[in-house]
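The values are calculated or read from the model by the stated rules, or taken from the named source; none is laboratory data. Please read these numbers as outputs of a predicted model, since none were measured by experiment. Virtual Cβ from ideal backbone geometry, glycine too; neighbours counted across all protein chains shown.
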Amino acid sequence: MLPAGIQDLAVSKSSNQTIVNFAELSELYGTLIRHTNTLGSDADTLPEEIKIPIVEQIQKTVLEINTWIKNRLKGKSGLIRGGLLKKVVDYSGRLVITTDNKLPLGTVGLPWQVVLKLHEPFAINYILKRDRNGLASIQHMMKMNSSPDAGDLKRLFKAIIDKPEIVPPDMVDYFVYVAESIVKDKCVLYKRDPVNSRSSWLAANVQTNREGMSMFLNPLDLDRLGGDHDGDALCVVALFTKDAQNEAKTKMHPKYAPSMWTTVTSANKSPYMITLDAATAIYAATK
């Protein structure tokens, strides 16, 4: 069985007429049904010169349907990988990573736009209910005749992910303040695919960054994730409930979870060990 949406039809109405556009697969099935009905129950009595071309056309249509289905199944955007195996997680993002040696372990740096989008319900609640001082400025920036509502803010957060330059500098200050307020004492989960062990997931507090669109990590986190500086990307997921926050901190946060300081393969090895290169640099700098 194929998803019903593949066989959709689109109806467009104008002042003079109504146009119905059928999906490609529906057109093929319609052709198959028409040719089959042409043969009818009297197929055995039809002359060969009439029956053979119809049968050939039926076979051709069946092959076209088969080819269409196979083409839709294969590839990353096919029905299996793009539909059945594809998983979209709400309030999550994927960012290219870079390092900042000033970040403490257990903290990641995220752009303010990403923080607002990941924690969208918290941001909307903060702007509309907890601190309404920025509503007039947002209304002016969006050129609206009335005060923005939750739907307007959702559209704004989505737009500034793609085009952060649409936000004036003074409004950037306000949104950074909102982002810092809503993630205070909160942590997020982040991972690098493929996830092959429990240590592939980490929890961290958030530092809100004003510039850039990348995710900042402490360099000591790279070894645990198998990351480097060649454009690796991490997935980051927001946590919404107090239970989720507490569980992430006690099990996946290096600041609160002792188990994060040992590897899953050896209790005597720390994922945050100082490498020979780092030790040499520290010795040279302090000699």
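Quick look at the numbers
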{"item": "Test: residue in segment 41-62 that is farther than 30 Å from Asp152 by Cα and not in a helix (DSSP H, G or I)", "result": "yes"}
{"item": "Hits in segment 118-167 - residues which are under 18 Å from Thr208 (Cβ atoms) and either charged (D, E, K, R) or outside any helix (DSSP H, G or I) (or both)", "result": "His119, Glu120, Arg130, Asp131, Val167"}
{"item": "Segment 176-191: number of residues that are surrounded by 19 or more Cβ atoms within 10 Å (Cβ to Cβ) and touching a strand residue (DSSP E or B) at 6+ places or on another chain (Cβ under 6 Å)", "result": "5"}
{"item": "Residue match in segment 136-146 (condition: without any contact (Cβ under 8 Å) to a residue 60 or more places away in the chain and β-branched (Val, Ile, Thr))", "result": "yes"}
{"item": "Residue match in segment 49-72 (condition: among the acidic types (Asp, Glu) and assigned by TED's automatic domain parsing to the domain that holds Asn209)", "result": "no"}
{"item": "Exclusive hit being more than 27 Å from Phe157 (Cα to Cα) and touching a Gly at 6+ places or on another chain (Cβ under 7 Å), set Pro254, Pro271, Pro258, Pro219", "result": "Pro254"}
{"item": "Positions within segment 188-224 being in a helix (DSSP H, G or I), touching a residue at least 40 places away in the same chain (Cβ under 8 Å) and not charged (D, E, K, R), in sequence order", "result": "Ser199, Leu222"}
{"item": "Contacts under 8 angstrom Cβ, first residue in segment 62-73 being under 11 Å from Leu28 (Cα atoms), partner in a helix (DSSP H, G or I) and acidic (Asp, Glu), 6 or more apart", "result": "Trp68/Glu24"}
{"item": "Residue pairs meeting the criteria (Cβ under 9 Å; at least 6 apart or on separate chains; first part of a helix (DSSP H, G or I), in segment 99-117; second among the charged types (D, E, K, R))", "result": "Trp112/Glu180; Trp112/Arg210; Val115/Glu180; Lys117/Lys158"}
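Residues are listed down the side, and each one gets a yes or a no for (1) exposed (fewer than 13 other Cβ atoms within 10 Å of the Cβ); (2) not assigned by TED's automatic domain parsing to the domain that holds Pro121:
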site: Trp201; (1), (2): no, no
site: Asp223; (1), (2): no, no
site: Gly227; (1), (2): no, no
site: Asp232; (1), (2): no, no
site: Glu247; (1), (2): no, no
site: Pro271; (1), (2): no, yes
site: Thr275; (1), (2): yes, yes
site: Thr280; (1), (2): yes, yes
